[in-house]
Each structure stands twice: as structure tokens, then as C-alpha cells.
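S.K.: The structure follows.
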Amino acid sequence: MKILVTGSAGHLGEALMRSLEHTDHQAIGLDIKNSPFTQREGSIVERSFVKQCMQGVDAVLHAATLHKPHIASHTRQDFVDTNITGTLNLLEEAVLMGVQAFVYTSTTSVFGHALAPPDGAPAAWITEEVVPVPKNIYGVTKLAAENLCELFQQRSDLPCIVLRTSRFFPEEDDNRTARLSYDDSNLKVNELLYRRADIEDVVSAHMLAMQMAPSIGFGRYIISATTPFTRDDLHELRKDAPAVVRRHAPSYESEYRRRGWSMLPAIDRVYVNELAKACLGWQPRYDFGRVIDRLHASEDYRSALARAVGSKGYHAETFSEGPYPV
């Protein structure tokens, strides 16, 4: 198949392009930035450019987007243009070209305020049944683009799969308190318990979604590392997360002690990937338990693909509060 990968200069786009190099597919990378994995340089906001790029395409993996870190540096109109109009352009041209599968990379950020339970409430159990309540322009535009995908499947029979991915970027956290409180690797390994995924697993979900789209038609799926937690843990997670982790992964304590790491005192939400595993046949490999085993063996906790893609950054300049503008 000829596959169009948008956002090919970004984290996921490059990872998809690297992975497709080892298949029989022909991958065409599209991005507004030049990169070794970009063959078509331009903006998805330009309909004529999208039309050129869509010629002969069988499937689209749409990862191009403005991200949360761009909120302080880009206007709300920029977000609407890229995340909504750009997606609309791709969908329109995909229908005209008779594309067989359209996979849209969304984000768990669309859940917004639903991720923050009130004081005294248990941690939020986040499945696809949770109603999104976006809290910023990023979440609003990503959810709108999801709905466009659903509309095009309903009206034009374009097979569309939406993947709501959790964190997979390697950059430092955008929360200053978190950056100052934890070693960066410590924080990211903690997050694999409830809101992070390795990019290798995110890529495999996209490949399966592309394969399954024609038979599914339309679907939304959460893509995050498999959590060890259950619903029965949700109350205690808000009060004593280390105790809950100790029950499910007792070997973590000695490894954390060896590294001088610490567990989060409380966890407020848990992303659940069961529907993606059931419907896509997805089998993510990187979870908290496996990572602890790798650390114990003095191995890098990240996949080889994550190490190869590395950091991309979101801005060309640095800022007083770290890697993000405030």
C-alpha cells in the first residue's frame, strides 16, 4: 500500500516512517518542516497541497498537529487551522481518492476536566465511555477533528479509526513542580502506571488500526500502557499510591531505592486500554512491570525505537521556565 504519514518530522511521524521502512508499504512523509523522513514539505492547511500529496494513496496515518506546548506560542486560530481545517482537508481528499483507511492520532487530553476528580473522590477510571470535557484550545480542536472523522465515516463510508494516545514524548514535563520534584526518568516510569506509553507500542497500535479500519468502520480507542490497577484500587490511589503499587509490583521498591527514586504519593486518573486490545488485537509490550525488570537488569527502560527517535522539542528557542513558554 501507499501510505501518507502526516507530521513525519515529529515524534510519532518519524517513528511511523522508521517502522514502515521495514515493510512492503510505500510511505510518503508530509510535514511543514524538512526532515530525513519528509518527502512532501508543506502545510495540511493548504487544500491544493493536500490534494497533490493524496494522489494514489491507499491509507493515511494523520499525526500532524499543534500540541499542548504550543498553546502559549500559537494563536487559537492557528490551532483551528491546523488541527481542524487541516484534518478536514485530509478527509475530503481521502474520500475523493478512495482511501481504504484513515487513522487519526488524537490525545487523552480531550478528556480535559474529566481527568481531575474532586477532593475526596476516587481516582478517575478513564475508558472510552468517559465524556470528554476539553479544558483548552488543544483539547477542543482535537475533539472536533475526532468528530469530523466520525462524520466522514458515517456520510462517506471512509473507514476511520481515532487513537487517543497518552504521553509518549521524551521531553521534560511541562509542569514545573513535577520537573523539580522528580528525576525525569523517574517521573516517566511512574507515569507508565497510569498515563504513558512507549512510542513503539503507539506505532504498533497505528499499524493495527490501519489494518482493521475497513472491518471496524469507525472506532475510538485509548492507547496507553497497560495499567496494573483495577477499579478496586481507585480510592486508595488518591490517598496512598505507593501502597497500591507495592501490592501489584512489589519488586519496584528495591529498584527505586537503588536509584534514589520515589513513587508518586497519589494518582488521580488511570487510562484503560482494554477496548483497544480487544478490538484491534493490540498487545502493548512496555508496561510498568516490564520496565522495572529492564531497570533491574541495568537496561534502558525505553524501546530501541524510542531511543532512535529521541527528543524533537516543540520550540526552536528556550524559555525561562524550562523547555516551554509560559
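S.K.: At 222 nm, what value in deg cm²/dmol follows for the chain if DSSP H runs of at least 4 each add -39500 (n - 2.57) and the sum is divided by all its residues, to the nearest 500?
M.R.: Result for the chain: -11500 deg cm²/dmol, rounded to the nearest 500.
S.K.: Under 5 Å between amide H atoms, partner at least 5 residues away or on a different chain: which partners does residue 272 have, H built in plane at 1.01 Å?
M.R.: 126
S.K.: Gain in length, residue 275 to residue 113, computed as 0.36 nm per residue apart minus the alpha-carbon separation, to one decimal in nm?
M.R.: Answer, rounded to one decimal: 56.1 nm.
S.K.: Hey, with R₀ at 25 Å, roughly what FRET efficiency would residue 96 and residue 46 work out to, going by the Cβ-Cβ distance, to 0.05?
M.R.: Efficiency, rounded to the nearest 0.05: 0.95.
S.K.: Looking at the range 231-293, which trypsin sites (Lys or Arg not before Pro) are in a loop (DSSP not H, G, I, E or B) and have at most 13 other Cβ atoms within 10 Å?
M.R.: 285
S.K.: So if R0 is 22 Å, what FRET efficiency would residue 39 and residue 312 give, r being the distance between their Cβ atoms, rounded to the nearest 0.05?
M.R.: 0.75
S.K.: Which of 77, 211, 283 ends up with the largest GNM mean-square fluctuation for the chain, with Cα atoms connected below 10 Å?
M.R.: Highest fluctuation among the options: 77.
S.K.: Continuing with this model, one more query. Using θ = phi - 60° and the Karplus relation 6.51 cos²θ - 1.76 cosθ + 1.60, list the HN-Hα couplings for the range 97-112 in order, rounded to whole Hz, with x at every Gly or Pro.
M.R.: Karplus-based 3J(HN,Hα) across the range 97-112 equals 8, x, 4, 8, 7, 10, 10, 9, 7, 9, 8, 5, 5, 4, 5, x Hz.
S.K.: While we're looking at this one, here's another question. Below 30 Å, Cα to Cα, which lysines can residue 312 reach? Residues fewer than 8 away in the same chain don't count.
M.R.: Partners found: 2, 33, 51, 68, 135, 142, 188, 277.
S.K.: Turning to a different aspect of this structure: Would you mind calculating the gained length between residue 23 and residue 254 on full extension (0.36 nm times residue separation, minus the Cα-Cα distance), in nm to one decimal?
M.R.: So the chain would gain 79.1 nm between residue 23 and residue 254.
S.K.: Quote to one decimal, in nm, the extra length available between residue 266 and residue 300 on full extension: 0.36 nm per residue of separation minus the C-alpha distance between them.
M.R.: Full extension of this stretch gives 9.7 nm more.
S.K.: Just add up the charged neighbours of residue 263: K/R +1, D/E -1, any other residue whose Cβ is under 15 Å from the Cβ of residue 263.
M.R.: Spelling it out: positives minus negatives among the neighbours equals +2.
S.K.: Pop out the ³J(HN,Hα) list for the range 33-40 in order, Karplus 6.51 cos²θ - 1.76 cosθ + 1.60 with θ = phi - 60°, rounded to Hz; leave Gly and Pro as x.
M.R.: Calculated HN-Hα couplings, in order: 10, 6, 6, x, 10, 10, 9, 10 Hz.
S.K.: How charged is the neighbourhood of residue 151? Take every other residue with its Cβ under 14 Å from the Cβ of residue 151, and add Lys/Arg as +1 and Asp/Glu as -1.
M.R.: Result for the local shell: -2.
S.K.: Evaluate the distance, in nm, between pseudo-label points positioned 7 Å from the Cα of residue 150 and of residue 231 along their respective Cα→Cβ axes.
M.R.: The two pseudo-label positions are separated by 2.3 nm.
S.K.: Using a simple spin-label model with points 7 Å from Cα along the Cα→Cβ vector, what separation in nm is obtained for residue 78 and residue 293?
M.R.: 4.4
S.K.: Looking at the chain only, what percent of DSSP beta bridges run antiparallel? Nearest 5 please.
M.R.: Taking every DSSP beta bridge within the chain, about 5 percent pair in antiparallel fashion.
S.K.: Now a separate question. Among 78, 232, 198, 157, rank each residue by its count of other Cβ atoms within 10 Å, from fewest to most, as a rough exposure measure.
M.R.: 232, 157, 78, 198
S.K.: Same structure again: Normalised by the residues of the chain, what does the relative contact order come to in percent, with Cα pairs under 8 Å and at least six apart?
M.R.: 18
All of the numbers you see were taken from the coordinates with simple rules; none came from a lab. Being a predicted model, the structure only gives us computed values, none of them experimental. All Cβ positions, even for glycine, are placed from backbone atoms using ideal geometry, and neighbour counts span all protein chains on display.
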